[in-house]
1. Which order do M63, M75 fall in if you start with the one that has the fewest other Cβ atoms within 10 Å?
2. Label A67 and A94 with points 7 Å out from Cα along Cα→Cβ: what is the distance between them in nm?
3. In nm, give the distance between the simple-model label positions of R87 and F35, each being 7 Å from the Cα along the Cα-to-Cβ direction.
4. In whole Hz, with x marking every Gly and Pro, tabulate ³J(HN,Hα) for region 8-16 from phi via Karplus 6.51 cos²θ - 1.76 cosθ + 1.60, θ = phi - 60°.
5. Measure up K38/K112; K17/K38; K17/K42 against 25 Å on the Cα-Cα distance and list the ones that go over.
6. Using the basic label-point model (7 angstrom from Cα toward the beta carbon), what is the E10 to K121 distance in nanometres?
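What follows is calculated from the coordinates using simple rules that are stated; it is not laboratory data. Since the model is a prediction, treat every value here as computed from it, not as a measurement. Neighbour counts are summed over all protein chains in view; Cβ atoms, including those assigned to glycine, are modelled from backbone coordinates with ideal geometry.
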Amino acid sequence: METNFEALLEKLGVSLKNMASTETVVGETFVLGEFSCKPVMKIGLGFGSGAGAGEAEPKKSVMGNGAAAGAGIGMTPMGFLVSSGDRISYIPTAPQSTLQTVFDQVPPLIDKLLDMQKTQKKKKEE
């Protein structure tokens with residue numbers, strides 16, 4: 001039995017390409033109430049192949065050959081792009097680190113401090 005190893009690798013490559021398409025990474029949009037949601041995925045691909053031929057020892061009258069290829073794909077949801085009107089947000093599926101949570105709170109905190117300073121300044125002027 002003769003194995004066309006190049007054709008096998010080509011078919012495997014086409015299959016991997018189809019699995020890792022843009023539609024797989026950024027999924028189909030779905031509507032949830034007034035929000036349009038688009039899932040975002042993280043994809044990992046693995047691929048391996050091998051071939052060999054040889055004679056059996058000690059007689060050397062038996063010949064053999066073989067080839068194999070394999071691939072795998074893993075997908076993990078990362079989050080969702082969510083839109084409503086002209087506003088777009090990204091909502092991660094994994095919990096954020098403590099440091100990321102702190103950084104996310106800095107802009108609102110600065111706004112509150114600036115508002116407090118304005119209020120105190122107005123009170124002093126009155």
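1. Ascending Cβ contact count within 10 Å gives the list M63, M75.
2. Taking the simple label geometry, A67 and A94 are separated by 3.8 nm.
3. 1.1 nm
4. 4, 5, 5, 4, 5, x, 5, 4, 5
5. K38/K112
6. Reported label-point gap for E10 and K121 is 7.2 nm.
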